[in-house]
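**Q** The structure is given below, and queries will be raised subsequently.
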C-alpha cells in the first residue's frame, strides 16, 4: 500500500495511492464505514490502518494524483536519524573505511518537505549537495531489540534527500548545522508499506540533476544492513512509532568530485528508488 499526505482544496489530508489514482481519507471513510482520525500519524500507528486494511478492496480511487500537492508523508516524527558513510562505494569515493557501528546525526523535522517543493537555500551557502537515501518509517516502539525483531519493526519505506551544505558541514567539523536548514529533507512521494517490497536490501537508487544521472547504485551496497542498523540504534535510544531512519547514500555526490559543480539556483533534482517512486525538487537560493 502507498500512503500519502497531501493538500486537497487548501486543506491537509491523507489517502491511498494506486496506479496514479487517489482514494482520499473522506472516500475511505465513505467506502469502508470506518471513522478515521484527522492525523496521518494517528491513522498509521494508532490501529486505524489495521482497522481498514482488510476492506481496502472496496476503494474506487476516484481522483487523479495530479490534482494534489504532495507533502512530506510524516510531518512530526519524534526523530529523524541519518547515517553517514554507510555505502561501500560512497566510503570509497570519500577515501574512508565504512564504520562498524552507525555514525549518526539528526535532522530537525522542519527540514521535511514533499515532492515538487522547493529546496530553499540561503545564498551564503556556497557548496550545496544532494544525497539520495532509502528511509525507513518505524511502526513499533523498539528498545534493545535484536536483528530478527528489527525486521518486524519497519512500517514502510520512502525516498529521502539528505541535502547538505558542505561548506558549513566541514567548517563546523560536524554535520548537524549544514544539514538542518528548513527544506533540507525532501522525501516521499509516499510511504510504501513493507508488504510491497520483497527485498529492501536490493533496490536501485538513482539521482538526476537537470536530467543528468549523478547517482546510480543499489541498497545492496550498504555496509550496515537494515536490521543491524535498527538493532544497534535501539541499544542507544528508544525508537518510536513514526521515527525516520535514513540509511546513507551511495557514490555520486558532488563532495570531493572535481568534475561536478555544486548545486545552483534553479537546478532540478529527481530521485527515484525502485518500487518506491520518485521525488522532484527545485533548488532556490534566497537572501535572508
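The values are calculated or read from the model by the stated rules, or taken from the named source; none is laboratory data. If you're wondering where the values come from, they're calculated on a predicted model, not measured in any experiment. Please note: Cβ atoms are built from the backbone with ideal geometry, for glycine as well, and neighbour counts cover all protein chains shown.
**Q** Outside any helix (DSSP H, G or I), without any contact (Cβ under 8 Å) to a residue 24 or more places away in the chain and over 15 Å from residue 209 (Cα atoms): which single residue out of 250, 258 fits that description?
**A** The unique qualifying residue is 258.
**Q** List the number of the failed condition for residue 122; all other conditions in (1) within 25 Å of residue 201 (Cα to Cα); (2) in the same structural domain as residue 140 (by TED's automatic domain parsing); (3) out of contact with any strand residue (DSSP E or B) (no Cβ under 6 Å at 6 or more places or on another chain); (4) at pLDDT 95 or above hold.
**A** Unmet for residue 122, out of (1) within 25 Å of residue 201 (Cα to Cα); (2) in the same structural domain as residue 140 (by TED's automatic domain parsing); (3) out of contact with any strand residue (DSSP E or B) (no Cβ under 6 Å at 6 or more places or on another chain); (4) at pLDDT 95 or above: (1).
**Q** Answer yes if at least one residue in region 67-74 is modelled with pLDDT under 95, closer than 28 Å to residue 12 by Cα and not in a loop (DSSP other than H, G, I, E, B), and no otherwise.
**A** yes
**Q** Among the numbered conditions (1) farther than 17 Å from residue 242 by Cβ; (2) exposed (fewer than 13 other Cβ atoms within 10 Å of the Cβ); (3) out of contact with any helix residue (DSSP H, G or I) (no Cβ under 9 Å at 6 or more places or on another chain), tell me where residue 7 comes up short.
**A** For residue 7, the exception is condition (2).
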